[in-house]
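Scroll down for the structure; my scribbles are underneath it.
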Amino acid sequence: QVQLVESGGGLVQPGGSLRLSCAASRNIFSIYGLGWYRQAPGKQRELVAIMFSGGNANYADSVKDRFTISRDIDRNTVSLQMDSLNPEDTAVYYCYADHTGSLYWGQGTQVTVSS
């Protein structure tokens with residue numbers, strides 16, 4: 001199993017930046033995929049970014065060139081740096097892990113982009 005604890009999030013003005021972090025309960029090298037989904041009100045949960053155990057990453061088209069996923073192996077954490085935020089990025093962001101055929105989720109953290 002994998003426990004995930006998120007931090008970060010909050011309220012930011014359009015054009016601003018936020019950083020989300022997610023601490024995993026096990027060595028992240030052993031986790032096939034570690035990343036972030038988000039869910040806006042009235043919408044389905046969507047993939048934002050994922051980093052695979054080999055180090056490569058994928059992003060949703062809507063966040064490419066604005067968001068960057070990274071990992072800290074020593075701390076077993078994955079982070080999401082979000083720049084040039086716009087109101088359409090407002091959502092609850094969930095850290096998730098794809099490990100041994102199962103998906104594990106964090107509790108979610110609210111990101112609100114508003115002036």
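The values are calculated or read from the model by the stated rules, or taken from the named source; none is laboratory data. Values in this document were obtained by computation on a predicted structure and should not be read as measured data. Here Cβ is always computed from backbone atoms with ideal geometry, including for glycine, and neighbour counts include all displayed protein chains. Protein only, heavy atoms only, side chains kept; ligands, DNA and RNA dropped before computing areas. Shrake-Rupley method; radii C 1.70, N 1.55, O 1.52, S 1.80 Å.
Things worth noting here:
- When each of GLY35, GLY10, GLY16 is tested for being more than 13 Å from VAL111 (Cβ to Cβ), among the small types (Gly, Ala, Ser) and at pLDDT 95 or above, the lone residue that passes is GLY35.
- Residue among SER62, SER70, SER79 that alone is closer than 30 Å to SER115 by Cβ, part of a strand (DSSP E or B), in contact with an Asp or Glu (Cβ under 8 Å, 6 or more places away or on another chain) and open to solvent by less than 70 Å² (accessible area, probe 1.4 Å): SER79
- Taking segment 1-57 and the strands (runs of 3 or more DSSP E) fully enclosed by it, the elements with 3 or more residues that are out of contact with any Gly (no Cβ under 8 Å at 6 or more places or on another chain) and closer than 22 Å to SER114 by Cβ are at 10-12, 33-39.
- Scanning segment 2-40 for residues that are open to solvent by 20 Å² or more (accessible area, probe 1.4 Å), more than 24 Å from ASP61 (Cβ to Cβ) and among the aliphatic types (A, V, I, L, M) turns up VAL5, LEU11, ALA23.
- Count of segment 82-113 residues which are open to solvent by less than 40 Å² (accessible area, probe 1.4 Å), part of a loop (DSSP other than H, G, I, E, B) and farther than 21 Å from ALA24 by Cβ: 2
- Segment 73-88, residues that are on the phi < 0 side of the Ramachandran plot and either at pLDDT below 95 or of a type in the set (S, T, N, Q) (or both): ILE73, ASP74, ARG75, THR77, SER79, GLN81, ASN86
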